[in-house]
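Before any comments, here is the structure.
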Amino acid sequence: MVAGPDGGDRDADLDLVTLIVARAEPPPSATPEQSALLRLCTTPLSVVELSAYLNLPFSMITVLLTDMLTAGLVTARVPIVRQAVADRSILEAVMHGLQRL
């Protein structure tokens, strides 16, 4: 069963780059898809990676993950965004190093 038991719409704040990490081993009541997700998520993986690995559409993955988040089986976190512009001192150090070549 891929849809939740109530069959209703779900609105989790999950996007393609949200990182998912397993918090528990698959319980005996877990569906095959949930068990596969928990096995994959021993290290952080994005929702889009999980969708690709399991060959399931993004919408199905978000339904599964929303149920799993509610049950406390996984955690979701935003990815770490690197600074958009490099630090000036690093750029100057690189420039001086290149000039010495």
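Brief remarks on what is shown
- A 1.4 Å probe run over the protein chains yields, for the range 26-101, 69 Å² of accessible area per residue, whole-number rounding.
- Apportionment of accessible area to carbon and sulfur, the range 8-71, percent (1.4 Å): 54
- As an equivalent ellipsoid, the range 25-101 spans semi-axes of 42, 12, 11 angstrom, where each value is the square root of five times an eigenvalue of the C-alpha gyration tensor, largest first.
The values are calculated or read from the model by the stated rules, or taken from the named source; none is laboratory data. Quick caveat: nothing in here was measured; it's all calculated off a predicted structure. In case anyone asks, the SASA skips ligands and DNA or RNA and just uses the protein heavy atoms, side chains included. Shrake-Rupley method; radii C 1.70, N 1.55, O 1.52, S 1.80 Å.
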